[in-house]
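The values are calculated or read from the model by the stated rules, or taken from the named source; none is laboratory data. These figures come from a predicted structure and were not determined experimentally. Cβ placement follows ideal geometry from the backbone for every residue including glycine, while neighbour counts extend to all protein chains displayed. Just the protein is used for accessible areas: all its heavy atoms, side chains included, with ligands, DNA and RNA removed. Shrake-Rupley method; radii C 1.70, N 1.55, O 1.52, S 1.80 Å.
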Amino acid sequence: MADIRSKVELIDEEITKAYKEPAVDFTQPEWEKTMQAATQAFRLTIQPELAFIRQAILECLEQANYGNVHTIAKLIGQTHQLKNFLAPITDEIIADQQNLQYALTFFMMRDLMPDARDEIMYFNDLLKACKKKRIQLAPLLEKLLPHASSQIRFGNYSVKMLFEGAL
């Protein structure tokens with residue numbers, strides 16, 4: 001566990017040093033597109049670091065048969081910038097299907113937090129993108145289902161319920 005902790009802290013430190021808050025004029029009508037473009041550009045510059053740490057985290061989880069999922073989730077939650085970039089976005093998943101396992105794993109680890117609505121929207125976008133590209137989710141969902149939380153968040157859903165519904 002100390003090994004993954006040091007890797008996460010190292011990558012978080014590198015990303016945090018490299019991250020520059022985008023200069024966005026929120027009074028402009030296109031401010032959201034400007035912010036999104038800046039975020040996308042930064043994601044591209046840190047892609048090697050993200051690929052490395054995603055792989056290291058998945059290996060650590062699989063070695064422990066996902067028994068350490070809550071510990072890893074807490075570790076990621078304590079990072080400065082890594083937590084904001086670790087989950088693959090839809091374009092990254094479509095470009096490299098290896099990222100699908102990362103996306104589902106990190107969705108599961110976030111456990112619908114901090115905002116269940118945003119998390120459910122992310123999951124629905126993921127489902128739509130996979131359906132559109134004919135990417136099979138079932139094997140990964142079945143693999144992760146035993147480790148998914150059944151804790152209902154904000155009165156409606158749990159990760160386990162969402163995974164079961166997607167199957």
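Okay, here's what the table says:
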| read-out | value |
| --- | --- |
| Global geometry of region 74-167, whether rounded, prolate or oblate, following the gyration tensor of its Cα atoms and the 1.5 cut on a/c | oblate |
| Charged-residue dipole, Cβ positions (Lys, Arg, Asp, Glu), region 62-133 about Cα centre, Debye nearest 20 | 140 |
| Spatially proximal aspartates and glutamates relative to residue 143 (Cα-Cα < 13 Å; intrachain offsets below 8 disregarded) | 62, 164 |
| Contour minus Cα-Cα distance for residue 98 and residue 142 (0.36 nm per residue) | 14.2 nm |
| Carbon + sulfur, % of accessible area of region 60-167 - ligands and nucleic acids excluded, 1.4 Å | 49 |
| Rounded accessible area per residue of region 1-140, 1.4 Å, Å² | 59 |
| Farthest toward positive dipole pole in the chain [+1 Lys/Arg, -1 Asp/Glu at C-beta], among 105, 36, 15 | 105 |
| Extended-chain gain in nm, criterion 0.36 nm per residue less alpha-carbon gap, residue 56 and residue 34 | 4.7 nm |
| Over 30 Å (Cα to Cα) - which of 17/128; 20/128; 20/131; 133/160 fall in this group | 17/128; 20/128; 20/131 |
| Contact order normalised by residue count of the chain, Cα under 8 Å, 6+ apart, percent | 19 |
| For region 1-114: rounded, prolate or oblate by the Cα gyration tensor [a/c cutoff 1.5] | prolate |
| Region 73-142: relative contact order in percent, alpha carbon pairs under 8 Å with at least 6 residues between | 27 |
